[in-house]
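Heads up, the thing below is written out as structure tokens.
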Amino acid sequence: MIQNMIKEGKVVPSEVTIKLLQKAIQENGNEENRAAFEKVTEIEPKFVLFFDCPEEEMERRLLGQKPGE
């Protein structure tokens, strides 16, 4: 539906956009996104996970490399 509306040059309904953003933030959000989402929607999350590691380590893991590669 969204792709068809965009192809036709129509605006996707706000409710649809908000629900997509809500789902994305809930599934993949970070602390900044969580705080902004909570403030705007007045929805308090049940829990938040935060992973902190160096950028090099994240890149290595995303690329599936072993330490030292």
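Taken over the chain, lysine pairs spaced eight or more positions apart, or on distinct chains, with alpha carbons under 23 Å apart number 7. Relative to the longest principal Cα axis of the chain, at what angle does helix 14-28 sit, 0 to 90 degrees, rounded to 10? Long axis of 14-28 versus the principal axis of the chain: about 10 degrees.
Taking the longest Cα principal axis of the chain as reference, the axis of helix 31-41 is set at about 20 degrees.
Suppose only helical runs count, i.e. DSSP H with n ≥ 4. What mean residue ellipticity at 222 nm does that imply for the chain under -39500 (n - 2.57) per run, divided by all residues and rounded to the nearest 500 deg cm²/dmol?
Details: 4 runs with 40 residues, N = 69.
Calculated mean residue ellipticity at 222 nm is -17000 deg cm²/dmol.
If you bin all the Cα-Cα distances of the chain at 10 Å, starting from zero, the percentages per bin are 16, 31, 25, 22, 6, 0.
Coordinate-derived values only; no laboratory data. Treat the numbers as computed from the prediction; the structure is a model and nothing was measured.
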